[in-house]
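Student: I'd like to ask some things about the structure below.
The values are calculated or read from the model by the stated rules, or taken from the named source; none is laboratory data. Only a predicted model underlies this, so the values are computations on that prediction, with no experimental measurement involved. All Cβ positions, even for glycine, are placed from backbone atoms using ideal geometry, and neighbour counts span all protein chains on display. Remember, those area values only see protein heavy atoms, side chains included, never the ligands or the DNA or RNA. Shrake-Rupley method; radii C 1.70, N 1.55, O 1.52, S 1.80 Å.
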Amino acid sequence: MSARWWWRARGCVFCGLWLASILSGWLLMCCPLLPLLVLRPRAYRVAVDTVFAMWELYPAALIRLVLRTSVVVTGDVVSGGERSLLVMNHRTRLDWNFLWAGMYYAARRHATRLKFVLKAPIAHVPGPGWVMQMACHLYIHRSWERDQKLLGQSLRFFRDTGHTCQILLFPEGTDLTAKSAARSDRWADSKGLPHYEYVLHPKTTGFVFLASTMRQYKHLDAVYDVSVGYPKTLVQSEVDLFTGHVPEEIHFHFKRYNSKDIPESEGDLRIWLEERWKEKEEQMRQFYKDGHFKDSESLDDRGKREPTETALYLAFCFWTGLICMALWLLATSTAVQTYAMFHAFLFIGFSLVGSGAHIVEIQLHNARDKNLPLH
């Protein structure tokens, strides 16, 4: 009983600090940057990306220091200086949160500028959604005509501003559950394809569009095939963390494909992704049999690839201190309370009128450039 209580406390602290860091960062570090959106748009983009890159260390620190989870990363090194597309299996709802730690250990030299392709309602979640709007993540509404337009304008914006970033797509569209697996199996039956046990059949439309458009804009240096696995305790959702189910290990495997090695035609791109997922099914089958990815022992100088944990301790101290400062200011200052309320209503307005701060940023950019249409 005592051990379970301890794990439950860790899960609750992790979730609480994670959410509080986002709300505190939004209030004290992101909102003050909003005037730059109009006055100095390039400075705004650099500043927001810098703040977000600083925050990315905090989930990695919480995973390591609070959950005491071991993050094992194998495969190819990720370059933060590349314009790349990442495709990853979606085992649980928390994959994207744990990925911050995976990217921290996988990246070398440059900090990554990771942009997720997420479901549109996430953009409007108070706090996390608002920050991810400012960070210019990409959102889809499950209407391809609309999604194609929104994804296209985001990619044009990255091209026009010379913005280097990494875009993460979950081709499966949702996490692996009994319900989603049944849907995947029904779809496979309709196409005469085999059932998968460890992954879902990927949806290829979004990947084909992203890869083709990024290549067209000369904004694609590489595609990374990312695999995630939980060899011991599987945490399917946030509820599991609150009830004391904490993963002892999380494994990530990165495989890099140079853009020159990726097919060019849409049909060949669909086949290429389907082949990767066919391989991934066997890879994950082997992973859960062995407890590690098959070629994990072939990494050269793996010890040298492990970055120092000093950065994690510094991030933990900084963001936890910022949480304390934000709570104190909100509790004692009427001005800060008013400031927070004003910006909360402002972001609600962004969502209702402009579909989000990221769309407002893109529209302002288009309005400044007479060669681009204002959508």
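Student: Can you confirm whether the range 329-341 contains a residue that is at pLDDT 90 or above, touching a Cys at 6+ places or on another chain (Cβ under 9 Å), under 24 Å from residue 137 (Cβ atoms) and in a helix (DSSP H, G or I)?
Tutor: First, pick out the residues of the range 329-341 that are at pLDDT 90 or above: 329-341.
If we keep only those that are touching a Cys at 6+ places or on another chain (Cβ under 9 Å) too, we end up with 339-340.
Then drop every residue that is not under 24 Å from residue 137 (Cβ atoms), which leaves 340.
Among the residues that remain, those that are also in a helix (DSSP H, G or I) are: 340.
Within the range 329-341, one or more residues are at pLDDT 90 or above, touching a Cys at 6+ places or on another chain (Cβ under 9 Å), under 24 Å from residue 137 (Cβ atoms) and in a helix (DSSP H, G or I).
Student: Return a yes/no flag: does the range 39-51 have any residue that is in contact with a Leu (Cβ under 8 Å, 6 or more places away or on another chain) and among the acidic types (Asp, Glu).
Tutor: Our first condition is that a residue be in contact with a Leu (Cβ under 8 Å, 6 or more places away or on another chain); within the range 39-51, this holds for 41, 43-44, 47-48, 51.
In the following step, the residues that additionally are among the acidic types (Asp, Glu) were identified as none.
Scanning the range 39-51 turns up no residue that is in contact with a Leu (Cβ under 8 Å, 6 or more places away or on another chain) and among the acidic types (Asp, Glu).
Student: Within the range 37-54, track down each residue that is surrounded by 17 or more Cβ atoms within 10 Å (Cβ to Cβ) and of a type in the set (Gly, Ala, Ser).
Tutor: Of everything in the range 37-54, just one residue is surrounded by 17 or more Cβ atoms within 10 Å (Cβ to Cβ) and of a type in the set (Gly, Ala, Ser), namely 47.
Student: Among the listed residues 19, 57, 34, which satisfies the condition of being buried (at least 19 other Cβ atoms within 10 Å of the Cβ), among the aliphatic types (A, V, I, L, M) and either touching a residue at least 12 places away in the same chain (Cβ under 8 Å) or not in a helix (DSSP H, G or I) (or both)?
Tutor: Numbers: 19 fails: buried (at least 19 other Cβ atoms within 10 Å of the Cβ); 34 fails: buried (at least 19 other Cβ atoms within 10 Å of the Cβ).
Result: 57 is the single residue among 19, 57, 34 that is buried (at least 19 other Cβ atoms within 10 Å of the Cβ), among the aliphatic types (A, V, I, L, M) and either touching a residue at least 12 places away in the same chain (Cβ under 8 Å) or not in a helix (DSSP H, G or I) (or both).
Student: Same structure again: Please specify each residue of the range 255-282 satisfying the condition of being surrounded by fewer than 16 Cβ atoms within 10 Å (Cβ to Cβ) and not in a helix (DSSP H, G or I).
Tutor: Correct list: 258, 263, 264, 265.
Student: Could you grab me the full set of residues in the range 232-254 that are buried (at least 18 other Cβ atoms within 10 Å of the Cβ) and not in a helix (DSSP H, G or I)?
Tutor: From the range 232-254, those buried (at least 18 other Cβ atoms within 10 Å of the Cβ) are 235, 240-241, 246-247, 250-254; that's our starting set.
235, 246, 247, 250, 251, 252, 253, 254 - these are the residues of the range 232-254 that are buried (at least 18 other Cβ atoms within 10 Å of the Cβ) and not in a helix (DSSP H, G or I).
Student: If you don't mind, there's one more thing I want to ask. Out of the range 121-171, which residues are over 18 Å from the mean Cα position of the chain (by Cα) and among the small types (Gly, Ala, Ser)?
Tutor: Once the filter is applied, which keeps residues that are over 18 Å from the mean Cα position of the chain (by Cα) and among the small types (Gly, Ala, Ser), the range 121-171 yields 143, 152, 162.
Student: Right, something else. For the range 176-198, does any single residue satisfy the condition of being within 26 Å of residue 106 (Cα to Cα), out of contact with any Leu (no Cβ under 6 Å at 6 or more places or on another chain), surrounded by 15 or more Cβ atoms within 10 Å (Cβ to Cβ) and at pLDDT 95 or above?
Tutor: yes
Student: With the requirement that a residue be open to solvent by 20 Å² or more (accessible area, probe 1.4 Å) and not in a loop (DSSP other than H, G, I, E, B), what does the range 68-82 give you?
Tutor: Going residue by residue through the range 68-82, those that are open to solvent by 20 Å² or more (accessible area, probe 1.4 Å) are 68, 70-72, 76-77, 79, 81-82.
Listed by number, the residues that qualify are 70, 71, 72, 79.
Student: Which one is surrounded by the most Cβ atoms within 10 Å (Cβ to Cβ), of the residues in the range 319-346 that are farther than 25 Å from residue 360 by Cβ and under 25 Å from the mean Cα position of the chain (by Cα)?
Tutor: Among them, the one singled out is 319.
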